[in-house]
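S.K.: Take a look at the following structure, please.
The values are calculated or read from the model by the stated rules, or taken from the named source; none is laboratory data. Quick caveat: nothing in here was measured; it's all calculated off a predicted structure. The protein model used for the area step is the full one, side chains on, heavy atoms only, and it has no ligands, DNA or RNA in it. Shrake-Rupley method; radii C 1.70, N 1.55, O 1.52, S 1.80 Å.
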Amino acid sequence: MNILLVRVSSLGDVVHNMPMVADILRHFPDAHIDWVVEESYVNLVKLNSGVREVIPFALRRWRKSLLSAPTRAEMRAFVRRLRAQAYNYVFDTQGLLKTGIVMQLARLAPGGKRVGLANGTEGSGYEGASRIFHSMSVPVDLRTHGVLRGRLVAAAALGYPVNTPADFMLREPDFPQAPAWLPDVPYAAFFHATARAAKQWAPANWIETARLLHARGMPVLLAWGSDAERQAAQQLAEQMPNARVLPKLSMMEAVLFARRAALAIGVDTGLTHIAAAYNRPTIELYCDSPRWKTEGDWSPNIINLGDQGSPPDVAQVEAAIMTLLGAPENARATRAGPA
């Protein structure tokens, strides 16, 4: 059975779509699964050990030069590659007009089906016009978790229950040698940056949390993706006793950074969700987005704090650190008393 997944963006949503692959292979071990994704996330999807082929989709770049000959040649090559394989099922779990068109362009095997969402969830960017491309539309509750949506679509089409924790099937990125910035001691990854200011956690909270980790002897590393985020990271690090701002990371370096963290603390953003997908000890901070949409609910290694309009405080984060890492060594020694 040949299956095509269409989930082109964004970073966190691509990660949350991955448990579909494990579900399908659990019930159909001989299935071949391909995936259409924006070109910037191709290497990320290639880390999923259950995906056979990743087909790059470059609409974001093509839009800048739709009438140019090189762009049109690339678009024709994309369609040829998309149609090289006949698929028994094509799943669009994004529910946009553009992803519906990609679904329609894919070639079906005799009796094949195009399957997608019958409706969006609360606050999603779902476009109802995408249903015109479906052979089968799967309804979901208005408050269905981002991971569960895709799993339910595949389960409804293929006839199996969703009754296991999410499995992301993610390998660690392969580097010939460890990057120079990667510490050889356990470290905490702070994912402080996000595009929407309201989703950010107060700088004073990050600083106080870093001091808590300093008492444990754990260094803090801060990643960034833009000049503004780099400046914010530097301002934070200047007030932290144990922090270092990383250099500009490639996508795969950022994934490795999340994968190797002894503790990840982050707002509702893609790299936080990657750490959670690897089941690293992760504290997800929800400040201005609904927790039900993306909270890590598949592992006891993940603690979700706060909610839309109710940011967590440092005391909650400190308690979560204690749960995930235990008491600091000096605190244990104090409780134990003299030998």
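S.K.: How would 7, 259, 131 rank on accessible area, largest to smallest, probe 1.4 Å?
M.R.: Working: 7 20, 259 70, 131 105 Å².
So the residues, ranked largest to smallest area, are 131, 259, 7.
S.K.: In square nanometres, what is the average projected area of the Cα convex hull of the chain?
M.R.: Convex hull of Cα atoms, orientation-averaged projection: 19.8 nm².
S.K.: Apply the Karplus curve 6.51 cos²θ - 1.76 cosθ + 1.60, θ = phi - 60°, to the phi angles in the stretch 305-314 and return the couplings in whole Hz, x for Gly and Pro.
M.R.: 10, x, 5, 4, x, 9, x, x, 9, 5
S.K.: If the cut-off is a Cα-Cα distance under 17 Å, which aspartates and glutamates reach residue 64, setting aside same-chain residues fewer than 8 apart in sequence?
M.R.: The qualifying aspartates and glutamates are 38, 39, 74.
S.K.: Relative to the longest principal Cα axis of the chain, at what angle does helix 69-82 sit, 0 to 90 degrees, rounded to 10?
M.R.: Tilt relative to the chain: about 80 degrees.
S.K.: Only bridges with both residues in the stretch 235-339 count here: give the DSSP antiparallel percent, nearest 5.
M.R.: 10
S.K.: Can you say what percent of the DSSP beta bridges in the chain, counting only those with both residues inside, are antiparallel? Round to 5.
M.R.: Bridges in the chain that DSSP calls antiparallel: roughly 5 percent.
S.K.: From the helices alone, meaning DSSP H stretches of at least four residues, give me the mean residue ellipticity at 222 nm for the chain, per-run term -39500 (n - 2.57), in deg cm²/dmol to the nearest 500.
M.R.: Numbers: 14 runs with 126 residues, N = 339.
Result for the chain: -10500 deg cm²/dmol, rounded to the nearest 500.
S.K.: Which Rg and Dmax, in Å, describe the Cα atoms of the stretch 1-106?
M.R.: Rg, Dmax (Cα atoms, Å): 13.6, 45.
S.K.: Still on this structure: Whose amide H sits under 5 Å from the amide H of residue 224, counting only residues 5 or more places off or on another chain, with H placed in the peptide plane?
M.R.: 249
S.K.: Working from Cα positions, state the angle (0 to 90°, nearest 10) between the long axis of helix 146-158 and the longest principal axis of the chain.
M.R.: Long axis of 146-158 versus the principal axis of the chain: about 30 degrees.
S.K.: Taking the 0 to 90 degree range and rounding to the nearest ten, how far is the long axis of helix 251-260 tilted relative to the main principal axis of the chain, both from C-alpha atoms?
M.R.: The angle comes out near 50 degrees.
S.K.: Using C-alpha positions alone, give me the convex hull volume of the stretch 47-144 per residue in cubic angstrom. If you can, show how the numbers build up before the last one.
M.R.: Working: hull volume 13.2 nm³, N = 98.
Considering the Cα atoms of the stretch 47-144, their hull volume per residue is 135 Å³.
S.K.: Convex hull over the alpha-carbon atoms of the stretch 237-314: what's its volume per residue in Å³?
M.R.: Convex hull volume per residue, Cα atoms: 112 Å³.
S.K.: Let me make sure I get this right: for the stretch 180-297, a, b and c are the square roots of the gyration tensor eigenvalues over alpha carbons, sorted descending. Under 1.5 in a/c it's rounded, otherwise prolate if a/b > b/c, else oblate. Which is it?
M.R.: Rounded, since a/c falls under 1.5.
S.K.: Sticking with this one: Between the stretch 206-236 and the stretch 140-191, how many Å separate their Cα centres?
M.R.: A separation of 25 Å, based on Cα centres.
S.K.: Evaluated at 25 °C with a viscosity of 0.890 mPa s, what Stokes-Einstein diffusion coefficient in µm²/s does the stretch 1-58 have when Rh comes from the Kirkwood expression over alpha-carbon pairs?
M.R.: For these conditions, the coefficient is 219 µm²/s.
S.K.: For the full complex of protein chains and a 1.4 angstrom probe, list 136, 322 by accessible area with the highest value first.
M.R.: 322, 136
S.K.: Could I ask something else about it? Could you report the accessible area of residue 207 in Å², rounded to 10, computed with a 1.4 Å probe on the protein chains as they sit in the structure?
M.R.: Near enough 10 Å² of accessible area.
S.K.: Contact order normalised by length for the chain, with contacts defined as Cα pairs under 8 Å and 6 or more residues apart; what percent is it? Intermediate values should be presented prior to the final figure.
M.R.: Numbers: 631 pairs, mean separation 48.6, N = 339.
That works out to 14 percent.
S.K.: Next question. When the scattering of the stretch 63-110 is computed by the Debye formula from its Cα atoms alone, each counted once and equally, what is log10 I(q)/I(0) at q = 0.30, 0.32 Å⁻¹?
M.R.: -1.08, -1.11
S.K.: When the Karplus curve 6.51 cos²θ - 1.76 cosθ + 1.60 is applied with θ = phi - 60°, which whole-Hz ³J(HN,Hα) does each residue of the stretch 274-287 get, with x for Gly and Pro?
M.R.: Here the 3J(HN,Hα) series is 5, 4, 5, 5, 7, 6, 6, x, 10, 10, 9, 10, 9, 10 Hz.
S.K.: How are the C-alpha pair distances of the stretch 177-241 spread across 10 Å bins, as whole percents from the shortest bin up?
M.R.: For the stretch 177-241, the pair-distance distribution reads 20, 51, 26, 3.
S.K.: Over the Cα atoms of the stretch 98-140, what radius of gyration and what Dmax do you get, in Å?
M.R.: 10.9, 37
S.K.: A follow-up question, please. Return the long-range amide H neighbours of residue 191 (sequence gap of 5 or more, or a different chain), with a cut-off of under 5 Å between placed amide H atoms.
M.R.: Excluding prolines and chain starts, which carry no amide H, the hits are 265, 266, 267.
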